Amino acid sequence: MTDFHYNNADSCITLDDGIKIKLDDPRAFSIISEAWLRAGWDTKYVYGFSWLGRPIIQLPEDMLRIQEVIYEIKPDVIIETGVAHGGSLIFYASLCTAIGKGRIIGVDIEIRPHNRTAIEEHRLSPMITLVEGSSVSPDIVSTIKDHIEPSETVLVLLDSNHLKDHVLAELEAYSPLVSPGSYIVACDGIMKQVVGAPRSQDDWTWNNPLSAIDEFLERHPDFKCVEPAWPFNEGLINERVTYWPRAYLQKQS
């Protein structure tokens, strides 16, 4: 992380080497954002949001950006590994409702009874199929495949266990389901960036989704790490402020 000082009087940040960067310079935004992401991790910032009544433990910008991708692709099926409180499942279901197309499959090794009840009692529950079991179990993967028709467009989000081996196993298991032009999204690569922070582990320097992404891409030239284009941008910033760096792996046509 870059060390800097903020001076409101001259509207700039000053780096430790004395270089000053004005706040209207995108470099200042990038440096401040990096510090903000770390502060947000330390203070559990993402644990303070909900979507249509269900907790959604996600960075708001990540949700807006994946919304742009979903609207562009208009998938028939969105698969998400990792259910937790169900907020992201409800979020995706609400997008599909607005678009007029799509349904959601959520898989988790344990769907706690109170979360299952809340999801199943939600007004958007008819659009959501819950599958309980390990996301990398061949039986579970087969069950999910049975819910998808060959002609359907599929988008996959990996948001369960974020350690390298598990993410790599999920990438191998679910990438065959991804439609050409669509994505498999490996969330929470920020783990590498926050080593030393509360709730982190020393081995996150390598034991993280980014390491799994690198190994997967070496094996699968039919996928590329692609930053989805922003459909609107009249500002100076062109990089995401995200917990999901390099997450979007697009299946090539």
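The values are calculated or read from the model by the stated rules, or taken from the named source; none is laboratory data. Note that the structure is a prediction, hence the values are computed from the model and not measured. Glycine gets a Cβ as well: all are built from the backbone with ideal geometry, and neighbour counts include every protein chain shown. Note: accessible area is taken over every heavy atom of the protein model, side chains too, but ligands, DNA and RNA are not part of it. Shrake-Rupley method; radii C 1.70, N 1.55, O 1.52, S 1.80 Å.
Taking the criterion of being over 25 Å from G100 (Cβ atoms), without any contact (Cβ under 8 Å) to a residue 12 or more places away in the chain, assigned to a helix (DSSP H, G or I) and open to solvent by 50 Å² or more (accessible area, probe 1.4 Å), would at least one residue in the range 125-132 satisfy it?
no
Outside any loop (DSSP other than H, G, I, E, B) and more than 29 Å from G40 (Cβ to Cβ), is that true of S175?
Considered against the rule, which asks whether it is outside any loop (DSSP other than H, G, I, E, B) and more than 29 Å from G40 (Cβ to Cβ), S175 comes out as yes.
Give the range 20-63 a look and list any residue that's in contact (Cβ under 8 Å) with a residue 40 or more places away in the chain, under 16 Å from S200 (Cβ atoms) and aromatic (F, W, Y), or say none.
Answer for the range 20-63, where residues must be in contact (Cβ under 8 Å) with a residue 40 or more places away in the chain, under 16 Å from S200 (Cβ atoms) and aromatic (F, W, Y): just W41.
Scan the range 110-124 and tell me whether some residue there is under 18 Å from E152 (Cβ atoms), of a type outside the set (S, T, Y) and in contact (Cβ under 8 Å) with a residue 24 or more places away in the chain.
no
Determine which member of the set A84, A28, A9, A39 is of a type in the set (A, V, I, L, M), farther than 30 Å from V136 by Cβ and surrounded by 13 or more Cβ atoms within 10 Å (Cβ to Cβ).
Going through A84, A28, A9, A39 in turn, the sole match is A28.
Determine which member of the set I57, I66, I90, I105 is in a strand (DSSP E or B), closer than 20 Å to S160 by Cα and under 17 Å from the mean Cα position of the chain (by Cα).
Step by step, each of I57, I66, I90, I105 is checked, and only I105 is in a strand (DSSP E or B), closer than 20 Å to S160 by Cα and under 17 Å from the mean Cα position of the chain (by Cα).
Just checking, does the range 108-119 include any residue being buried (at least 18 other Cβ atoms within 10 Å of the Cβ) and over 22 Å from the mean Cα position of the chain (by Cα)?
Within the range 108-119, one or more residues are buried (at least 18 other Cβ atoms within 10 Å of the Cβ) and over 22 Å from the mean Cα position of the chain (by Cα).
Scan the range 226-245 for residues that are open to solvent by 90 Å² or more (accessible area, probe 1.4 Å) and in contact (Cβ under 8 Å) with a residue 24 or more places away in the chain and report the count.
Total meeting the criteria: 4.
Can you pull out the residues in the range 186-203 that are free of Cβ contacts under 8 Å to residues at least 12 places away in the same chain and either in a helix (DSSP H, G or I) or touching a strand residue (DSSP E or B) at 6+ places or on another chain (Cβ under 7 Å) (or both)?
Selection gives D202, D203.
Please find, within the range 200-212, the residue that is farthest from C187 (Cα to Cα) out of those that are over 13 Å from the mean Cα position of the chain (by Cα) and open to solvent by less than 40 Å² (accessible area, probe 1.4 Å).
So, considering only residues that are over 13 Å from the mean Cα position of the chain (by Cα) and open to solvent by less than 40 Å² (accessible area, probe 1.4 Å), the one farthest from C187 (Cα to Cα) is S200.
Could you grab me the full set of residues in the range 213-225 that are part of a loop (DSSP other than H, G, I, E, B) and surrounded by fewer than 11 Cβ atoms within 10 Å (Cβ to Cβ)?
P221, the sole residue that qualifies.
For the range 138-163, what are the residues that are within 21 Å of T205 (Cβ to Cβ) and open to solvent by 40 Å² or more (accessible area, probe 1.4 Å)?
N161, L163, listed by residue number.
Report, by residue number, each residue of the range 164-189 that is under 22 Å from Q67 (Cα atoms), open to solvent by less than 10 Å² (accessible area, probe 1.4 Å) and in contact with a Pro (Cβ under 8 Å, 6 or more places away or on another chain).
Correct list: S182, A186, C187, G189.
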